[in-house]
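Let me begin by presenting the structure, written as C-alpha cells, before commenting on it.
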Amino acid sequence: MKRAYNFSAGPSMLPQAVLEKAQKELLSYQDSGMSVMELSHRSGLFTEVITGAEQLLRDLMDIPDNYKVLFLQGGASQQFSMVPLNLFRNSGKADFVNTGSWSKKAIKEAQKFGDVRVIASSEDEKFTYIPQVDKGMIDPEADYVHITTNNTIEGTAFRQIPDTGDVPLVADMSSNILSEEMDISKFGLIYAGAQKNIGSAGLTVVIIREDLIGHAKENCPVMLNYQTHSDSGSLYNTPPTFAVYMAKLVFEWLEELGGLKAMEKINEEKAAILYDYIEQSDFYGSPVQKDSRSIMNIPFIIPGRDLDAAFVKQAQENGLETLKGHRSVGGMRASIYNAMPKEGVEALVGFMKDFEYSNK
Ligand SMILES: *Cc1c(COP(=O)(O)O)cnc(C)c1O
C-alpha cells in the first residue's frame, strides 16, 4: 500500500508509526478485548489514557504546575467564544492582533461579549506579514490580549512572542503547537484544535493559567465554562475518547523523536528546503515577507501564469495531495506539519523542479 504525502492544512498527515500502533490496538486495547472507542470514559484503562496524554503533553511543552490542561471539543472555533465568555472579568476590554482570517473570526466572536480593540493589523498588505506589537500598545486595563501565533491560511507566524506585561496573553496555536519550543509562562491561555499537529479531529486542547479559571458569569453555559472541565479533569461529560488516545500516541511519538527541540530542528530544515528552492527560482514566488514566514504552512505562487490548477492536478498524480491554496489567497500552499517527513518535502521540491522545467 502506498501512502500519499498529504500537504493538507487540516486534518493533516499523522505519523505512520502512530497509525500503525492504533491499527494494531484497534480491536483489543491492552488485552481488554475492547477498542479504545468502546471503553467507558470512566474506566481504569481510559483514565490511564487521558492522564497519560496530559502528562506527556506537560513534559513535552514543559507546562508549569500552575497551568491546567483541558481536553475539550468544539474545535478552535469554539474557543473564539469560550475565551471571551471566561476571560472578560474586569474591564470587559480586550486587545487583538489581526493577522488573518482566523484572527478575524476570533475578533468577530469576542465583539459579542466585550469591548474589542484591534491594536495591530496586517490587513493593509493582505496579511503577508506580522505587525510589530509593543507593550506600549497594550491597554493595561485590558482583560487579555489575543494573537494567532501561526496563520494557517496566510502562511505567517510570530517569530517572537510579544511581551504583554501583566495582561494575560491568549494564543490560538492551532497550527503550530508542538512544532517548536515555547515558553508557556509567557501565555495566560493557549488553545489548539487537534487536527493539525496533535492528532485526529474532534479534540481541542486548552492550556490555561489557573488564576484565569472561575470568572465566567453566572449565565455562562456549563459546557463553555473552563471551570467545569478543570474541576472534572475533562470528564464532565464524555470526552472525545479516541481522539485523546490518538493524541497520546502522537505525544509518545514526539517524545521518542527527542521532544520539541528535535522536532523544531527538523521543522526548520524542512521549511528551509522549500523556501530555499522558491527563493532561487524565478518561476515560483513566496507572497509572504521573509521575517514573518511560517515553518508550518508555506504558500507559493507562480506569478503571471495561469498554471495553478495544472500544478495541483499533476502534483496529485505524483502522490502529492492537497496543494491547492486557500480560496482567499489563491496559488498553492504546502502544509508541512510535524508528521510530514523530510522526504515528502524533497518529493515536492523534486516535482516543482519538473513542473518548472516543462512549463517554462
Ligand atoms: C484550523 C484553525 C482554526 C479552526 O479550527 P477548528 O478546530 O476547525 O475550529 C482556528 N484557528 C487556526 C489558527 C486554525 O489553523
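May I ask you to derive the relative contact order of the chain, considering only C-alpha pairs under 8 Å and at least 6 residues apart, and to give it as an integer percent?
Values: 665 pairs, mean separation 83.6, N = 360.
23 percent.
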What shape does the chain take by its C-alpha gyration tensor, where a ≥ b ≥ c are the square roots of the eigenvalues and a/c under 1.5 counts as rounded, a/b above b/c as prolate, and the rest as oblate? oblate
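Kindly state, as a whole number, the per residue volume in cubic angstrom of the convex hull around the alpha carbon atoms of the stretch 61-132. Present the calculation step by step, with values, prior to reporting the outcome.
On the way: hull volume 9.9 nm³, N = 72.
Cα convex hull per residue, to the nearest whole number: 138 Å³.
Can you tally the net charge around Thr322? Count Lys and Arg as +1, Asp and Glu as -1, for every other residue whose Cβ sits under 14 Å from the Cβ of Thr322. Mind dumping the intermediate values first?
Numbers: positive: Arg3, Lys196, Lys313, Lys324, Arg327, Arg333; negative: Asp308, Glu317, Glu321.
Summing Lys and Arg as +1 and Asp and Glu as -1 gives +3.
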Given R₀ = 41 Å, what would the calculated FRET efficiency be for Asp65 paired with Leu27, taking r from the Cβ atoms and rounding to 0.05? 0.60
At a Cα cut-off below 20 Å, give the aspartates and glutamates reachable from Lys112, other chains included and same-chain residues fewer than 8 away excluded. Asp95, Asp139, Glu141, Asp143, Asp172, Glu218
Label model pair Leu307, Cys220: point-to-point distance (7 angstrom along the Cα→beta-carbon line) in nm is 5.3
Spatial extent of the stretch 258-359: Rg and Dmax, with the Cα atoms as the point set, Å: 13.3, 43
Most fluctuating residue given options Glu269, Glu48, Glu252, as computed from a GNM of the chain linking Cα atoms under 10 Å: Glu48
What residue among Ile177, Ile301, Ile130 has the largest mean-square fluctuation in a Gaussian network model of the chain, using Cα springs under 10 Å? Ile301
Solvent-accessible area, 1.4 Å probe, carbon plus sulfur percent, for the stretch 258-359: 50
Quantify, in whole percent, the carbon and sulfur part of the accessible surface of the stretch 17-256 (1.4 Å probe; protein heavy atoms only). 46
With all protein chains present, calculate the accessible area of Asp115 using a 1.4 Å probe and round the result to the nearest 10 Å². 90
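At R0 = 22 Å, how high is the FRET efficiency between Ser281 and Glu317 if r is their beta carbon distance? Nearest 0.05 is fine. Mind dumping the intermediate values first?
On the way: r = 21 Å, r/R0 = 0.97.
My answer for the efficiency is 0.55.
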Just add up the charged neighbours of Ser121: K/R +1, D/E -1, any other residue whose Cβ is under 15 Å from the Cβ of Ser121. -1
Mean-square fluctuation check for the chain, GNM, Cα pairs under 10 Å: which of Ser328, Ser103, Ser81 is largest? Ser328
Whether the stretch 182-260 is rounded, prolate or oblate, judged on the alpha carbon gyration tensor where a/c under 1.5 counts as rounded: oblate
Subtract the Cα-Cα distance of Lys342 and Ser77 from 0.36 nm times their separation in residues, and report this length gain in nm to one decimal. 92.4 nm
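Subtracting the Cα-Cα distance from 0.36 nm times the residue separation, let me have the gained length for Ile184 to Thr51 in nm, one decimal. Before the final figure, lay out each step's value.
Numbers: separation 133, 0.36 × 133 = 47.88 nm, distance 1.98 nm.
Here the answer is 45.9 nm.
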Kindly write out, for the stretch 35-50 in residue order, the coupling ³J(HN,Hα) from the Karplus curve 6.51 cos²θ - 1.76 cosθ + 1.60 (θ = phi - 60°), rounded to whole Hz, with x marking Gly and Pro. 6, 3, 4, 9, 7, 4, 6, 9, 6, x, 4, 6, 4, 5, 5, 6
Gyration tensor (alpha-carbon) shape descriptor, the stretch 198-304, a/c threshold 1.5: prolate
Per residue, how large is the accessible surface of the chain? Use a 1.4 angstrom probe and give square angstrom. 44
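The values are calculated or read from the model by the stated rules, or taken from the named source; none is laboratory data. Fair warning: this is a prediction, and the values are worked out from it, not measured in the lab. No Cβ is skipped: glycine too gets one built from the backbone with ideal geometry, and neighbour counts run over all protein chains shown. Accessible surface is based on the protein model in full, side chains and every heavy atom, while ligands, DNA and RNA are left aside. Shrake-Rupley method; radii C 1.70, N 1.55, O 1.52, S 1.80 Å.
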